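Trainee: Handing you a structure now.
The values are calculated or read from the model by the stated rules, or taken from the named source; none is laboratory data. Everything quoted here is computed from the prediction, not taken from an experiment. Neighbour counts are summed over all protein chains in view; Cβ atoms, including those assigned to glycine, are modelled from backbone coordinates with ideal geometry. SASA here: full protein model, heavy atoms, side chains in, ligands and nucleic acids out. Shrake-Rupley method; radii C 1.70, N 1.55, O 1.52, S 1.80 Å.
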Amino acid sequence: MPLPQQVPRTDPDAALLALLGALQGRGYHFVTPTPATHARVIARPGRRVARGLTDIFGWSVPFDAGLLDADLLDLLIAADMIEAAGPRQRSRCRVSTLHGRYFLHAAYPTDYRDAVFFGPDSYRFADFVRDNLGPCGGARIVDIGTGAGVGAIVAAGMCPQARVTMTDINPQALRFARINAAFAGVDAEFAEGNGLSAVEGDIDVAIANPPYIVDPEGRAYRDGGDMHGGRLSLDLACEAAHRLSPGGRLLLYTGSAIVEGRDALREALAEAMPRAGCTLTYRELDPDVFGEEMEQPGYDDVDRIAVVGAVATRVN
């Protein structure tokens, strides 16, 4: 079966870009839940074999030959995003919808080291950016650890004149972010590196949604380091604060483990941001998320994990 004429057979990224367009044209819509909810849903009787597009590209369920139409199947093959699953086939990528946009990301389960994660935090992060970005004209916006590109794409939509840079330590994340940005019509720069190591110059707006879970395997998309997963958020905030231009802002969306009523990340940021010449506002956005993590090592003394939003503004 030939590929659609606009998709070069040797260009996997073009095939993925065309896949997003094909799914949009078919009215596809999928909201990605937490991994725990995902596992419960696909474990139900009758949910282990795909019945339609949302099962294939949302729930990552194996599908029988003939369920997927020829054009979509050709695009998956051209993108090298299809694999055998026993007698069936399975998509190696997922597509989710957010704010009317389409985002390519990793298939479930996201248990491999270079997985590109997308989930409920992506939706909350997008809302946090939308609510706190404000007017930014031709500002330089840097999305630190961009993942699938959610923060940068939302910011670019609000500030079309801005210069947008997406950074990530994961090459696969930058690949998916580049495709997602292209599909959203966002012209961005991409820099591979840890934190801001690959970004030069001052920054007007830094946005970040770093991982905040304790991960014994140290997977980059998930592991937040010590402080019960809060270390990476603190380190990125400090790095970004020192790179802000006068009046520049850091929008940090993350999680913090609450231990005996204390928020160690809040206390650490309250000390660090004034030393970097920044004011700080900080609030809980959701008091209790990822409760299943309380059963994992490293959380024996944790009361809850709160989603928090911090805005640091450089005053000098």
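Trainee: Identify, among Ala237, Ala107, Gly157, the residue whose Cα sits farthest towards the positive end of the charge dipole of the chain, taking +1 on the Cβ of Lys and Arg and -1 on the Cβ of Asp and Glu, with the dipole about the Cα centre.
Mentor: Farthest along the dipole direction, towards plus: Gly157.
Trainee: When Rg is the radius of gyration of the Cα atoms in the range 184-254 and Rh is its Kirkwood radius, what does Rg/Rh come to? Intermediate values should be presented prior to the final figure.
Mentor: Values: Rg = 13.3 Å, Rh = 13.2 Å.
Computed over Cα atoms, the ratio is 1.01.
Trainee: Over the chain, what relative contact order in percent results from Cα pairs under 8 Å that are six or more residues apart?
Mentor: 12 percent
Trainee: With every protein chain left in place, what is the accessible area of Tyr282 in Å² (1.4 Å probe, nearest 10)?
Mentor: 30 Å²
Trainee: Oh, and also: Run the dipole for the chain about the Cα centre, Lys and Arg Cβ at +1, Asp and Glu Cβ at -1, nothing else charged, and hand back the magnitude in debye, nearest 20.
Mentor: It works out to roughly 840 debye.
Trainee: Sticking with this structure for a sec: Mind listing the lone cysteines of the chain, meaning no other Cys beta-carbon sits under 4.7 Å from theirs?
Mentor: Singleton cysteines: Cys93, Cys238, Cys278.
Trainee: Viscosity 1.567 mPa s, temperature 4 °C: give me the Stokes-Einstein translational D for the range 146-200 in µm²/s, with Rh taken as the Kirkwood radius over C-alpha pairs.
Mentor: 119 µm²/s
Trainee: With a 1.4 Å probe and every protein chain left in place, tell me how much accessible area Thr313 has, in Å² to the nearest 10.
Mentor: About 40 Å², rounded to the nearest 10.
Trainee: How would Ser197, Ser245 line up by accessible area, probe 1.4 Å, largest first? It would help to have the intermediate numbers written out before the result.
Mentor: On the way: Ser197 85, Ser245 15 Å².
Highest to lowest solvent-accessible surface, that is Ser197, Ser245.
Trainee: Which value, in Å to one decimal place, does the Kirkwood hydrodynamic radius take for the range 208-316 when every pair of different Cα atoms is included?
Mentor: Numbers: mean 1/r = 0.0716 Å⁻¹.
That comes to 14.0 Å for the range 208-316.
Trainee: Hey, another quick one. Over the heavy atoms of Asp286, what accessible area does a 1.4 Å probe trace out, to the nearest 10 Å²?
Mentor: 40 Å²
Trainee: Measuring from the lowest to the highest alpha carbon on each principal axis, how far does the range 62-173 reach, largest first, in angstroms?
Mentor: 53, 28, 24
Trainee: So what is the calculated 222 nm ellipticity per residue for the chain, using -39500 (n - 2.57) for each DSSP H run with n of 4 or more, over all residues, to the nearest 500 deg cm²/dmol?
Mentor: For the chain, the value works out to -9000 deg cm²/dmol.
Trainee: Can you tell me the alpha carbon radius of gyration of the range 1-138 divided by the globular rule-of-thumb value 2.2 N^0.38 Å?
Mentor: 1.12
Trainee: What does the charge add up to near Arg219, with Lys and Arg as +1, Asp and Glu as -1, over the other residues with Cβ less than 11 Å from its Cβ?
Mentor: Summing Lys and Arg as +1 and Asp and Glu as -1 gives -3.
Trainee: Using the alpha-carbon centroid of each, what span in Å lies between the range 37-114 and the range 235-288?
Mentor: 37 Å
Trainee: Step by step: find N for the chain, compute 2.2 N^0.38 Å, then divide the Cα radius of gyration by it. What's the final number? Mind dumping the intermediate values first?
Mentor: Values: Rg = 20.0 Å, N = 316, 2.2 N^0.38 = 19.6 Å.
Taking N as the residue count of the chain, the ratio is 1.02.
Trainee: Just reorder Phe128, Phe290 by solvent-accessible area, largest first, 1.4 Å probe, all chains present.
Mentor: Phe290, Phe128
Trainee: Need one number: % antiparallel among DSSP beta bridges in the chain, to the nearest 5.
Mentor: Taking every DSSP beta bridge within the chain, about 60 percent pair in antiparallel fashion.
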